[in-house]
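J.: For reference, the structure I am asking about is given below.
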Amino acid sequence: MRKRNIVLFLFCTPLTILSFFLIWFFFLRYALWQKVTIDFGTFKVPREWVVTHRKDVIYITGKSIYEGRYKIYLIGVEWGRIYGEYRHELFENAELIRHGRGVIYSNSAIYRRKLFNIDGIEKEKYVIVFSFLSDPPIYFFAWDNLLDEDTIIKITRSFNPRSP
């Protein structure tokens, strides 16, 4: 009887640990994150961040953009708002110098570093690109450099494109 209990314990303990890991990996790793909807899909960011859609720009900040001074975790725009006719004021004094290394995921999401000349100073920024089929991609810039690479990767991997 004692031998049987030891065998059950040795068999069940790794299965229990594996089960908890799988539950965390597939269900709980984004449990405290909120879903952000864009034209062609969704992605997730931490729940305490404030998401504001305003004039074709998505601001993801620490507090509401209407409350005054706020830090920008991410700012999302279509390509034309960066270099086109409808250029956003944030990019008026920014010139892209070069693309850095990047990663493309199977969910059509990309993250990479880009080097900008901003007001005469070279600054490296993380950029997340969400695209799907023929929709114009949306670029999210970690403009205030408040995010580490692990958070950028987690946001990028959370993208779920909407099926046509």
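Laboratory data are not the source of any read-out in this text; all were calculated from the coordinates shown. In this text, all values refer to a predicted model and were calculated from it rather than measured experimentally. We place every Cβ from the backbone using ideal geometry, glycine too, and count neighbours over all the protein chains shown.
Residues are listed down the side, and each one gets a yes or a no for (1) in a loop (DSSP other than H, G, I, E, B); (2) buried (at least 18 other Cβ atoms within 10 Å of the Cβ):
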position: Lys125; (1), (2): no, yes
position: Ile128; (1), (2): no, yes
position: Tyr139; (1), (2): no, yes
position: Asp144; (1), (2): yes, no
position: Ile153; (1), (2): no, no
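J.: A further question on this structure: What are the residues in the range 98-123 that are outside any strand (DSSP E or B) and closer than 11 Å to Thr156 by Cβ, if any?
T.: Across the range 98-123, the qualifying residues are Tyr105, Asn107, Ser108.
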